[in-house]
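**Student:** One structure coming up, written as structure tokens, with questions to follow.
The values are calculated or read from the model by the stated rules, or taken from the named source; none is laboratory data. Not measured: the values here are computed from a predicted model. Quick reminder, even Gly has a Cβ in these numbers, built from the backbone with ideal geometry, and neighbours come from all protein chains shown. All accessible areas refer to the heavy atoms of the entire protein, side chains included, with ligands and DNA or RNA removed. Shrake-Rupley method; radii C 1.70, N 1.55, O 1.52, S 1.80 Å.
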Amino acid sequence: MPGPSMRGGCLCGGVRFELTEPAPEAGYCHCTRCQRRTGTGSSAQARIDGRTLRVVQREELVRVWRHREGGFAKCICGACGAQLFSSNP
């Protein structure tokens, strides 16, 4: 596996992840769900191939929430509540 192109994690530092390839696409979402989730007018997002994401620390802290009406699954840190990433159903 190639070396990481980007590293990240949650607010408390419990969950750490890395991408093996740069995100090919990024942008902002202005839907009402993202506005409620972030408390702002938009949500900054990067689209990646999920196979390039690897959780390298404390994967057991990752919690998944799915809206009953569909949409992307939201993955958060179970310790600090920080949003980590989403996944396309």
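**Student:** Go through the stretch 58-71 and count every residue that is open to solvent by 70 Å² or more (accessible area, probe 1.4 Å) and either outside any loop (DSSP other than H, G, I, E, B) or of a type in the set (A, V, I, L, M, F, W, C) (or both).
**Tutor:** The total comes to 5.
**Student:** Something else now. So Ala23 fits all but one of (1) part of a loop (DSSP other than H, G, I, E, B); (2) more than 14 Å from the chain's Cα centre (by Cα); what number is the exception?
**Tutor:** (2)
**Student:** When you check Val55 against the structure, is it within 19 Å of Gly9 (Cβ to Cβ), part of a strand (DSSP E or B) and open to solvent by 60 Å² or more (accessible area, probe 1.4 Å), yes or no?
**Tutor:** No: the conditions fail for Val55.
**Student:** Would the stretch 72-81 turn up any residue that is among the aromatic types (Phe, Trp, Tyr) and in a loop (DSSP other than H, G, I, E, B)?
**Tutor:** The answer is yes; a qualifying residue exists.
**Student:** Also: I'd like the full set of residues that are within 14 Å of Gly8 (Cα to Cα), open to solvent by 60 Å² or more (accessible area, probe 1.4 Å) and of a type in the set (A, V, I, L, M), limited to the stretch 22-47.
**Tutor:** Scanning the stretch 22-47 gives a single hit, Ala46.
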